[in-house]
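Remarks on the structure that follows.
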Amino acid sequence: MKLLFVFLLLALPGLHATALADINIPIETQHTALVLRVDTAQNLLNIYLGKRLQNQAEYAGIRGNPRNEETYSYMFQSAYTPAGGRNLLEPAIQALHADGNPSLDLKYVRHETKSAGSGIQLTTVYLKDPKYPFEVTLYYKAYINEDVIEQWSLIHHSEKTAVRLHKYASANLYIPAKDYYLTHFHGDWAQEMRPDETPLAAGMTILDSKLGTRADLFQPPSFLLSLNKPANEETGEVIAGTLAWSGNFQLAFEVDPLHHLRVIAGINPYASDYLLPPGREFVTPALLYTYSSQGKGLASRNMHNWARKYRIPQGQGTRLTLLNNWEATQFDFNEDVLTALFKDAKKLGVDLFLLDDGWFANKYPRNNDRAGLGDWQENVKKLPHGLGYLVKEAEQAGVRFGVWLEPEMVSPKSELYEKHSDWVIKAPNRQQSVFRNQQVLDLSNPQVQEFVYGIVNDLLTKNPTLAYIKWDCNAAIYNAYSATSANQSQLYVDYVQGLYKVLARIRTKYPTIPMMLCSGGGGRVDYGGLQYFTEFWPSDNTDPLERIFMQWDYSYFYPAIATCNHITDWGRQPLKFRTDVAMMGKMGYDIVVSKLSENDLQFSQQTLKTYERVHDVIWQGDLFRLQSPHTSDVASLMFVNPAQDKAMWFNYLVGNRYKSGTVEPIRLSGLNPAKRYTLQEVNIYPGSRSFINANTATYSGDYLMTVGFNPQVSANRASVVLELTEAK
Ligand code: DGJ
């Protein structure tokens, strides 16, 4: 009788591969589901990642790998693949037990799902090696409304002595589709975020960094993965993912022998064996990802919503416009020069003056990039009255004051180096290497952590109204070796953890000070760092033409409010073009205001007023990329505020052959079809006029999204910015 019952159940459609004892663990957001399954042998498997089903019970009908018997290991679908047993593919974890056994087995123990705050569900799955006191806990935080999943793991054991972890991934996904198209980003200084989309071939594709600090210089830890066919902005299945870690990372994409995709993401195992003592926990950084069945546009809006609400400090707040002096003065300034610049900043109409590199060090003055890093005392020749005086002078001029720091670094020509050469990362018996003439301080050393924290703390204690910090990081790690660490093999990991400790301490004491994450341009743009920083510096390349591309590509992962765009003298475009491009994010200036023509100054002052009126639409609005600069001569994108009664629309000529321009209307997106919108051109340069007449340019959202509107971009109107306001 019992046998007959089992037979009948197995014969039921939808239940064929799901044995009776299987447990399904759905991790759901509003539109997405990641489903794990515990099979009868207590293995934890990835079963599904995609659109959420209306009826949760139906996940039970999803078949496990129908060709499991062809996999030799039966574990291609493992939700956290342990190495050393039956596994034949890329593992998520590889450990050497205290007794020298290099194999690991992980079986399901239990799981729980509970609320982790408003709109957040945390699912925790406990795994254990049946033969060793070794446990892995997998965490899945589901941000319901944002459709984002944050996934990480915790490793713990109570073996007799330390376990050596060779690999310890954050996430191990399994994504069966017909084909896979990976967009990754690469570059170098001044050419960050260059996208490449390629179909994934069978076998392994690895994106990684081995630079230690400035880790994203060649490649950031972010990717877009289109399933079945390349996705575009509004259609197609796509997963946007990014690892929240400011150090060496590895994103492994393995198309397995069954043509199914395994994604294993985490800290780069390269030169990073981690010795985990008994009783201690190792927590990996998180992989953040979102699945969209409506193209890349929705995926990035999900990321932006999540980041503003849950990750970036004051992500739903406001930002300060600023004038920076780096491009204008480099290292060559004094108090008089600076106080004149404060007045310029006020005249321009920005909120803050940001003093960049070169204000410190005395024995080896910081007059160029070859000396002084580490000696964070004001240079008495340049600033005889100190920073406090400058803060007050700026405030008297009507602007706030901010300052540049590079606290993780040291110049070999510095007093710090003379005093504490053991604080510097460098290998014995090797020639010392410098990167931009400097070396990296050893943040695995608690004394160094204290020193770095002290730099910021002293500055803010002495100058309580100091209003902004730009935190730079210009060198990668060469000759990775710590003079004080007992575990050299984990220096890369200890470094980042040490850095985060310092930053967390700073944020605890100074929760609201705006801080810019900079790394010789965009060498450190990731959501690990961005839990402490209000904004980031995408690149030293501020040529506006290049920036249209770069900002476009950063926008797949990061919201405009966090993207610092400065108007500088880079590039050949007129000031209007440069300003229009910078306006698509957190706008700032790095120019000599006193050298602006009367018209340029008037234009800038007017634009800053416009920006004050519209910045919330850009910072908090939904982004719609309409026409890509990569495939079109006119790039076009827009931001729509949540109430859909305001939008900002930006258009740029990026290719100028064959009389290029907008011949056809461009279809808008994200508007309310039932509302009517008035279009008005803004940022009009003094003396020019707009062809777009606000008295007549009123259309329904339906019309604008179906028929479109021609912003009349041409060689004479190379950038056109339109403000859309609901007509009431
Ligand atoms: C690199 C940064 O990206 C620049 O903006 C500037 O701050 C310099 N460092 C200063 O040395």
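Which of the numbered conditions does Tyr364 fail, given that it passes all the others? Conditions: (1) within 13 Å of the ligand (Cβ to nearest atom); (2) open to solvent by 40 Å² or more (accessible area, probe 1.4 Å); (3) of a type in the set (Phe, Trp, Tyr).
That leaves (1) as the condition not met.
Can you find a residue in segment 324-332 that is away from the ligand (no atom under 16 Å from the Cβ) and touching a residue at least 12 places away in the same chain (Cβ under 8 Å)?
There is no residue in segment 324-332 that is away from the ligand (no atom under 16 Å from the Cβ) and touching a residue at least 12 places away in the same chain (Cβ under 8 Å).
Can you pull out the residues in segment 24-62 that are over 15 Å from Leu173 (Cβ atoms), of a type in the set (D, E, K, R) and assigned to a strand (DSSP E or B)?
Once the filter is applied, which keeps residues that are over 15 Å from Leu173 (Cβ atoms), of a type in the set (D, E, K, R) and assigned to a strand (DSSP E or B), segment 24-62 yields Glu28, Lys51.
A quick yes/no check of all residues on (1) within 30 Å of Leu243 (Cβ to Cβ); (2) more than 16 Å from the ligand (Cβ to nearest atom); (3) outside the structural domain of Leu517 (by TED's automatic domain parsing); (4) without any contact (Cβ under 8 Å) to a residue 24 or more places away in the chain:
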site	(1), (2), (3), (4)
Asn302	yes, yes, yes, no
Gln316	yes, yes, yes, no
Asp336	no, yes, no, yes
Asp351	no, yes, no, no
Trp359	no, no, no, no
Leu387	no, yes, no, no
Glu393	no, yes, no, no
Leu405	yes, no, no, no
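Condition test on Ser519, is it of a type in the set (Gly, Ala, Ser) and farther than 23 Å from Asp188 by Cα?
no
Would you be able to say whether some residue in segment 518-535 is touching a residue at least 12 places away in the same chain (Cβ under 8 Å), open to solvent by 20 Å² or more (accessible area, probe 1.4 Å) and within 16 Å of the ligand (Cβ to nearest atom)?
No, segment 518-535 contains no residue that is touching a residue at least 12 places away in the same chain (Cβ under 8 Å), open to solvent by 20 Å² or more (accessible area, probe 1.4 Å) and within 16 Å of the ligand (Cβ to nearest atom).
For the list (1) touching a helix residue (DSSP H, G or I) at 6+ places or on another chain (Cβ under 6 Å); (2) within 16 Å of the ligand (Cβ to nearest atom), I need the number of the one condition that Val399 fails.
With (1) touching a helix residue (DSSP H, G or I) at 6+ places or on another chain (Cβ under 6 Å); (2) within 16 Å of the ligand (Cβ to nearest atom) applied to Val399, the lone miss is (2).
Kindly indicate whether any position in segment 431-441 is charged (D, E, K, R) and in contact with a Phe, Trp or Tyr (Cβ under 9 Å, 6 or more places away or on another chain).
no
Output the residues belonging to segment 452-496 that are of a type in the set (S, T, N, Q), farther than 28 Å from Gly388 by Cβ and free of Cβ contacts under 8 Å to residues at least 12 places away in the same chain.
Listed by number, the list holds a single entry, Gln488.
Every residue in segment 373-405 that is of a type in the set (Gly, Ala, Ser) and not in a helix (DSSP H, G or I), please. Lay out the reasoning, then the answer.
So in segment 373-405, the residues of a type in the set (Gly, Ala, Ser) come out as 374, 386, 388, 394, 397-398, 402.
Those that are of a type in the set (Gly, Ala, Ser) and not in a helix (DSSP H, G or I): Gly374, Gly398, Gly402.
So how many residues does segment 374-395 have that are aromatic (Phe, Trp, Tyr) and farther than 18 Å from Leu341 by Cβ?
Qualifying residue count, segment 374-395: 1.
Out of everything in segment 528-558 that is in contact with a Pro (Cβ under 9 Å, 6 or more places away or on another chain) and among the hydroxyl-bearing types (Ser, Thr, Tyr), what residue ends up being farthest from Gly498 (Cα to Cα)?
Out of the qualifying residues, it is Tyr556.
Are any residues in segment 682-709 in contact (Cβ under 8 Å) with a residue 24 or more places away in the chain and over 24 Å from Asp600 (Cα atoms), and if so, which ones?
If the condition is that a residue be in contact (Cβ under 8 Å) with a residue 24 or more places away in the chain and over 24 Å from Asp600 (Cα atoms), then Thr698, Ser700, Gly701, Asp702, Leu704, Met705, Thr706, Val707, Gly708, Phe709 are the ones that fit.
Within segment 490-519, can you find the residues that are of a type outside the set (Phe, Trp, Tyr) and farther than 24 Å from Gly266 by Cα?
Residues satisfying the conditions are Arg505, Ile506, Arg507, Thr508, Lys509, Pro511, Thr512, Ile513, Pro514, Met515, Met516.
Taking strands (runs of 3 or more DSSP E) that do not extend beyond segment 592-682, which have at least 3 residues that are open to solvent by less than 30 Å² (accessible area, probe 1.4 Å) and among the hydrophobic types (A, V, I, L, M, F, W, C)? It would help to see each step written out before you state the result.
Values: elements: 622-627, 634-640, 646-653, 676-682.
Where strands (runs of 3 or more DSSP E) fall fully within segment 592-682 and carry at least 3 residues being open to solvent by less than 30 Å² (accessible area, probe 1.4 Å) and among the hydrophobic types (A, V, I, L, M, F, W, C), they are 634-640, 646-653.
Exactly one of these conditions fails for Gln439: (1) open to solvent by less than 30 Å² (accessible area, probe 1.4 Å); (2) touching a residue at least 40 places away in the same chain (Cβ under 8 Å). Give me its number.
Failed condition: (2).
Filter segment 443-497 for residues that are under 20 Å from the mean Cα position of the chain (by Cα) and either closer than 14 Å to Leu405 by Cβ or more than 16 Å from the ligand (Cβ to nearest atom) (or both) and give the result.
Ile469, Lys470, Trp471, Asp472, Cys473, Asn474, Tyr492, Val493, Tyr495, Val496, Gln497
Just checking, which of Ser118, Ser153 is crowded, with 20+ Cβ neighbours inside 10 Å and within 27 Å of the chain's Cα centre (by Cα)?
Answer to the selection: Ser153.
So, in segment 406-429, of the ones that are out of contact with any strand residue (DSSP E or B) (no Cβ under 6 Å at 6 or more places or on another chain) and assigned to a helix (DSSP H, G or I), which residue ends up most open to solvent (accessible area, probe 1.4 Å)?
So, considering only residues that are out of contact with any strand residue (DSSP E or B) (no Cβ under 6 Å at 6 or more places or on another chain) and assigned to a helix (DSSP H, G or I), the one most open to solvent (accessible area, probe 1.4 Å) is Lys419.
The values are calculated or read from the model by the stated rules, or taken from the named source; none is laboratory data. In this text the structure is predicted, and so the values were computed from the model without any measurement. Backbone-built Cβ (ideal geometry, glycine too); neighbour counts: all protein chains shown. Protein only, heavy atoms only, side chains kept; ligands, DNA and RNA dropped before computing areas. Shrake-Rupley method; radii C 1.70, N 1.55, O 1.52, S 1.80 Å.
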